[in-house]
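To start, the structure under review is shown below, and the notes come after it.
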Amino acid sequence: MTVHLARRGNVAIVTIDNPPVNALGHAVRRELSDTLARIEADVDVAAVVLICAGRTFSAGADVREFDKPPAAPALGAVLRAIDHATKPWIAAIQGTALGGGLELALACRFRIACPNARLGLPEVTLGLIPGAGGTVLLPRLIPADKALEIIGFGKPVNAREAQAVGLIDGIAEGDLLEAAMDFASGILVNPLPPPAIARQVIPESAPGAFVAVATRIAAKTPGQHAPAAAVQALRGSLSIPPIEALAAEAQTFRHLKQSDQSRALRHVFLAERNTTRSVRLDGAAPNDLAMMGVIGGGTMGAGIAAACLLAGLSVVMIERDTAAAAAGAARVSEIIASSEKRGLISAKKHALIKRAFLTSDDYAALARADLVIEAVFEDMGVKKQVFAQLDAVTRPDAILASNTSYLDLNEIAASTRNPARVIGLHFFSPAHVMRLLEIVMPDAAADRTLAKALSLAERLRKVPVLAGVCDGFIANRIMSAYRCECEYMLEEGALPWQVDRAMTAFGMPMGIFQMQDLAGLDISWAMRKRQAATRDQDARYVEIGDRLCEAGRLGRKSGRGYYWYPDGKTPVPDPEVEALIKQESERKRLRRIVPSDAAIMERILSTMQAEGHRILREGIARNADDIDVVMVNAFGFPRWRGGPMFMETRVRTTDTVQPGTDGPPDQDQCRT
Ligand code: COA
């Protein structure tokens, strides 16, 4: 049984108990419908409290049922019966009420929530709009512009915000069930308001507010169908009778459910939750970690330290001298202060964090650390020195992690006394923001070491993806492959701004050449110079990057790179770069043919996919879904396209990209 019915006096208590998140799957819908019928028939029941077991109210429709044939009763039908119930239902909300979970609460006559509850209609994040009355009920309870904010951005609101706009009727400061029971006694002595669906007088928005929100949504979600459909549904919802609006909403929901975008978003949602599903390890509970060590207070080290501090861990940061330690501490403090300014943490938590953070130039301060993450300069010699010191000062059971992006972790591990406790934890910058964490497994790493790393990922609320040891792991290896392909395209006829335009039109936040300008061209130039002697001389090598650096064009920081930055930040196509590229094509006797944007994107995608397959064959990634999770979370591959590996499995439609004319790309060398 997933729905339980109890009675206290004349109040029925309905409890949904469907772990882990009380999703409204078929059994719940059927039992809820039966329970409603029993309550309606019971003359002794005057009111109903609806509550959910466990840590959360309900996460809505069961995402895992979406690709199965529909099974009656539909959620909409159950909720319409609650709308029209003769006895008032009171939703008692703890944790999250999301999607169908909030629609269920909206169908109830009243809603009260715990102070830490979150309420939202995040369907757009799955390529959908609410399908069980959300777009019809919500704007009958709160102003339409606020309803559009919640539905069109898919971002939940907290209990205080919900109360302020009129979405809930009260906040339960103490025990939720008791508060709901008290609330039930209170309402029985007064005339009941009509159900949301039948309200004639609805809250008004300020003039122009709805259009302003719709404009913001359109600007934030180019290329995506669901947010635009949400705007349309809400507009319609207030201009036609509710019954017609419900039918229109259901039709749009069914249509979107079949779309490539929704399938892609659902794929990523499930893939992100599956990355460690088959990893079964004992030996580390999430609260096993208390004190972290971070070596290096540069951008990456400071970001990692801040991420740990914000997650409630203590951090000791080690730098080579007191001046460097002070600079590292300042970087961390800046991140924490800005978290408070943005309302992400309270002043009290800020004060606690300050007390949990220590910097030192003495490795001995790490004696009590449970896990140490090294984030120093990418040089094998430097890393080995750090690990030798860690070997000497840390507890024998402490985990030693490296944040290297491409160095051989087996070699680092082998340089220590106990390689079993060494692992790679590859964060992405800014480390306190980016959700992806590549966990890189050297050959000798023990299960316990991996278990601790996974605990840390959970504690930091990161998406962990397991990767094998190789140059670049999953993310950087694929990036390096397609960057190389983009450079080939420059020699063959494209220009940087055309490649970047094709990528942003596809949905990437930034093109590859703008991204390189931002990162600075000199770092990879230095690396290429170091590798020059050992490079395969027969391999195709694109010299455009070297020529730019030789001309002092080191990227945005120097005002010029692949682009010109006249105001220091806006990239402008530069005829000088065009001339330089054409000169290189000529030097190599390559005939320039300007490709279409679609052909550019097709070539980039094929390269990502080919490298993805290579990574799979080599066992670097465990499965194709993990690669999609990495690409979406590391480099802004559009989530609504599902990732390169997912796209390969789909029949190409106009929703994806136009097939290009190029043959399979030349997947060879070029690793920098
Ligand atoms: N349907 C089915 N399963 C769901 C689900 C849903 N709507 N929402 C969450 N789950 C499952 C997850 O897949 C996960 O399963 P697993 O333990 O087998 O991996 C489990 O519930 C816990 O979810 P997770 O996201 O790992 O936990 P969390 O505490 O970080 O977040 C939520 C909980 C509810 C906030 C989050 O899962 C969420 O946002 N869910 C989607 C809500 C949504 O979009 N609803 C609208 C559906 S149209």
Residue in the range 136-148 that is open to solvent by 20 Å² or more (accessible area, probe 1.4 Å) and within 16 Å of the ligand (Cβ to nearest atom) present: no
Residue that is over 30 Å from residue 124 (Cα atoms), under 27 Å from the mean Cα position of the chain (by Cα) and modelled with pLDDT of 95 or more, where the choices are 593, 615, 604: 615
Conditions (1) over 19 Å from residue 440 (Cα atoms); (2) in contact (Cβ under 8 Å) with a residue 12 or more places away in the chain; number of the one not met by residue 380: (1)
Members of the range 608-649 that are farther than 25 Å from residue 516 by Cβ, open to solvent by less than 20 Å² (accessible area, probe 1.4 Å) and in a helix (DSSP H, G or I): 626
Which listed residue, of 97, 105, 117, is within 16 Å of the ligand (Cβ to nearest atom), more than 30 Å from residue 260 (Cβ to Cβ) and either within 22 Å of the chain's Cα centre (by Cα) or not hydrophobic (A, V, I, L, M, F, W, C) (or both): 117
Residues within the range 173-196 that are touching an Asp or Glu at 6+ places or on another chain (Cβ under 8 Å) and of a type in the set (A, V, I, L, M), tallied: 2
First in the range 290-307 and under 14 Å from residue 324 (Cα atoms), second anywhere and basic (Lys, Arg) and modelled with pLDDT of 95 or more, Cβ under 6 Å, 6 or more apart: 302/331
Residue 60 being within 16 Å of the ligand (Cβ to nearest atom), of a type outside the set (Ser, Thr, Tyr) and in contact with a Phe, Trp or Tyr (Cβ under 7 Å, 6 or more places away or on another chain): no
Subset of the range 533-556 that is at pLDDT 95 or above and over 18 Å from residue 512 (Cα atoms) - its residue that is surrounded by the most Cβ atoms within 10 Å (Cβ to Cβ): 551
Among the residues listed as 132, 72, 61, 105, the single one being in a loop (DSSP other than H, G, I, E, B), outside the structural domain of residue 641 (by TED's automatic domain parsing), open to solvent by less than 10 Å² (accessible area, probe 1.4 Å) and of a type in the set (A, V, I, L, M): 132
Flag for residue 478 being open to solvent by 30 Å² or more (accessible area, probe 1.4 Å) and among the β-branched types (Val, Ile, Thr): no
Pairs, first outside any strand (DSSP E or B) and within 16 Å of the ligand (Cβ to nearest atom) in the range 32-57, second open to solvent by less than 20 Å² (accessible area, probe 1.4 Å) and among the polar types (S, T, N, Q), C-beta under 7 Å, six or more apart: 54/22; 56/22; 57/22
Scope the range 459-468; condition touching a strand residue (DSSP E or B) at 6+ places or on another chain (Cβ under 6 Å), of a type in the set (A, V, I, L, M, F, W, C) and either within 12 Å of the ligand (Cβ to nearest atom) or part of a loop (DSSP other than H, G, I, E, B) (or both); matching residues: 463
Strands (runs of 3 or more DSSP E) within the range 317-428 that include 3 or more residues touching a Lys or Arg at 6+ places or on another chain (Cβ under 9 Å) and buried (at least 17 other Cβ atoms within 10 Å of the Cβ): 399-402
Filter result for residue 91 (buried (at least 21 other Cβ atoms within 10 Å of the Cβ), touching a Lys or Arg at 6+ places or on another chain (Cβ under 7 Å), assigned to a strand (DSSP E or B) and among the hydrophobic types (A, V, I, L, M, F, W, C)): yes
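The values are calculated or read from the model by the stated rules, or taken from the named source; none is laboratory data. Since we're looking at a predicted model, the values are computed, not measured. Positions of Cβ are generated from backbone atoms using ideal geometry, with glycine treated the same way; all protein chains shown enter the neighbour counts. Remember, those area values only see protein heavy atoms, side chains included, never the ligands or the DNA or RNA. Shrake-Rupley method; radii C 1.70, N 1.55, O 1.52, S 1.80 Å.
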